[in-house]
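See below for the structure under consideration.
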Amino acid sequence: MAGNWKMFKTPAETKDFFAKFLPLVAGSTHADFAICPPFVNIPAAVEAAAGSRAGIGGQNCYWQNKEGAFTGEVTPAMLKAAGCAYVIIGHSERRQFFGETDETVLGRTKAALEAGLIPMVCVGEMLADREAGKTNEVLATQFNGGIAGLTPEEFSRIVIAYEPVWAIGTGKVATPEMAGDAHKSIRALVEAKFGKNAAAAVRILYGGSVKPDNVKGLMAQPDIDGALVGGAALKPEDFAAIVNF
Ligand code: PGA
C-alpha cells in the first residue's frame, strides 16, 4: 500500500503526519507500506519513519545515476542515499504535464533498479481511450514501450501500478470489476513477455480514488495486490485504515 503525496505538505506537516500515522499501523504486519512525499520532505519522512515498517519513496528520478548538469532532477542513487526504498515512475501526471514518455519511463526504471530502489511503474488509460474501447491497447503500448525493455531479473524487482487517469483525484473510482479486468490484461502482458512465474509473482497496485470505504471491494479482485493512494494518503487515519485493511 503506497501513498503518493504529490505536491502536498511541508517538512513540519510531514513530521505531524508520521506522529499520528505510525501508532495507527504499529500492529500491521501483513502488508508492505510506503509514503512518497515531495523531495524536500524526504529527510523529515525518513527520520520520522526510522524503526517502523513504513518505507519512504521518491515520486520521480532521473534516468542515470551519474551526477550531472540536469537542473531540477535527482538521481536514484541520491534517493537511496537519503533513505528511500521506493520510487514512483511514470505517474500519469508526469506523462500528461511533464513530457514523460514510455522511453523515459524505461530509462528511469533501469536507473532506479541499478541504485537498489523498488520502482513503482505506473500505466493507465485516459478517459477518451476507455470510451473508445482502447484500454487494453493503451496498456499494451505503455507496457511494450516501457516495462518490456527490462531484463527478466530487473522485472522481478519492480511493482506495477495501474491508474486509470479518469479515476485519479476525481472521486470516480473504477469499479472493482473494471480494475480487475485491467489488472488481468496487464498480467497477461507480463506472462507473454516474462513468463508465467513472473506474472504470478509481480505485484500490481490499483490507483485512482482509493479510500477506506472502497479498498475492500478492490482488494477482493484476485489480480489486485495493493493500492497507490493519492488524496487519502494525506490523512493519517485514512491511510492507516487502508494499510490495516
Ligand atoms: P488519488 O490519486 O487517490 O487522489 O485519486 C492516486 C494517484 O494519482 O496515485
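The values are calculated or read from the model by the stated rules, or taken from the named source; none is laboratory data. All values derive from a computational prediction rather than experimental measurement. Positions of Cβ are generated from backbone atoms using ideal geometry, with glycine treated the same way; all protein chains shown enter the neighbour counts. SASA here: full protein model, heavy atoms, side chains in, ligands and nucleic acids out. Shrake-Rupley method; radii C 1.70, N 1.55, O 1.52, S 1.80 Å.
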Legend entry - Single condition LEU189 does not satisfy, out of (1) farther than 26 Å from ILE56 by Cα; (2) in contact with a Pro (Cβ under 8 Å, 6 or more places away or on another chain); (3) open to solvent by 10 Å² or more (accessible area, probe 1.4 Å): (2)
Legend entry - Identity of the residue in the stretch 75-88, in contact with a strand residue (DSSP E or B) (Cβ under 7 Å, 6 or more places away or on another chain) and closer than 16 Å to PRO38 by Cβ, that ends up farthest from the ligand (Cβ to nearest atom): GLY83
Inset, instruction - Please work out which one of (1) hydroxyl-bearing (Ser, Thr, Tyr); (2) open to solvent by 60 Å² or more (accessible area, probe 1.4 Å); (3) within 20 Å of VAL190 (Cβ to Cβ) is the condition THR109 fails and give its number. - result: (2)
Inset, instruction - With respect to VAL210, determine if the residue is touching a Phe, Trp or Tyr at 6+ places or on another chain (Cβ under 6 Å), free of Cβ contacts under 8 Å to residues at least 40 places away in the same chain and among the aliphatic types (A, V, I, L, M). - result: no
Legend entry - LYS172 being away from the ligand (no atom under 13 Å from the Cβ) and not small (Gly, Ala, Ser): no
Inset, instruction - Search the stretch 172-183 for residues that are farther than 13 Å from LYS211 by Cα and pair each with any residue that is part of a helix (DSSP H, G or I) and among the hydroxyl-bearing types (Ser, Thr, Tyr) when their beta-carbon atoms are under 7 Å apart and the residues are at least 6 apart or on different chains. - result: ALA182/THR135
Inset, instruction - Report yes if some residue within the stretch 212-223 is in contact with a helix residue (DSSP H, G or I) (Cβ under 8 Å, 6 or more places away or on another chain) and closer than 26 Å to GLU154 by Cα; otherwise report no. - result: yes
Inset, instruction - Could you grab me the full set of residues in the stretch 43-78 that are β-branched (Val, Ile, Thr) and open to solvent by less than 30 Å² (accessible area, probe 1.4 Å)? - result: ILE56, THR75
Legend entry - Positions within the stretch 86-106 being open to solvent by 40 Å² or more (accessible area, probe 1.4 Å) and without any contact (Cβ under 8 Å) to a residue 60 or more places away in the chain, in sequence order: ARG94, ARG95, PHE97, PHE98, GLY99, THR101, GLU103
Inset, instruction - Being touching a residue at least 40 places away in the same chain (Cβ under 8 Å), closer than 24 Å to GLY195 by Cβ, open to solvent by 20 Å² or more (accessible area, probe 1.4 Å) and not in a helix (DSSP H, G or I) is the filter here, so list the residues in the stretch 118-158 that pass it. - result: ILE118, SER156, ARG157
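To keep it simple, each residue is scored yes or no on (1) modelled with pLDDT of 95 or more; (2) on the phi > 0 side of the Ramachandran plot.
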| site | (1), (2) |
| --- | --- |
| GLY124 | yes, yes |
| GLU137 | yes, no |
| THR141 | yes, no |
| THR151 | yes, no |
| PRO164 | yes, no |
| ILE168 | no, no |
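To keep it simple, each residue is scored yes or no on (1) closer than 19 Å to ALA140 by Cβ; (2) within 15 Å of the ligand (Cβ to nearest atom); (3) modelled with pLDDT under 95; (4) charged (D, E, K, R).
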position	(1), (2), (3), (4)
VAL190	yes, no, no, no
LYS196	yes, no, no, yes
ILE204	yes, yes, no, no
GLY208	no, yes, no, no
PRO212	no, yes, no, no
ALA227	no, yes, no, no
GLY230	no, yes, no, no
LEU234	no, yes, no, no
Legend entry - Subset of the stretch 1-42 (residues that are buried (at least 17 other Cβ atoms within 10 Å of the Cβ), under 20 Å from SER209 (Cα atoms) and aliphatic (A, V, I, L, M)): MET1, ALA2, ALA34, ILE35
Inset, instruction - Working carefully through the options ALA241, ALA220, find the one that is more than 20 Å from TRP5 (Cβ to Cβ) and either within 13 Å of the ligand (Cβ to nearest atom) or not polar (S, T, N, Q) (or both). - result: ALA220
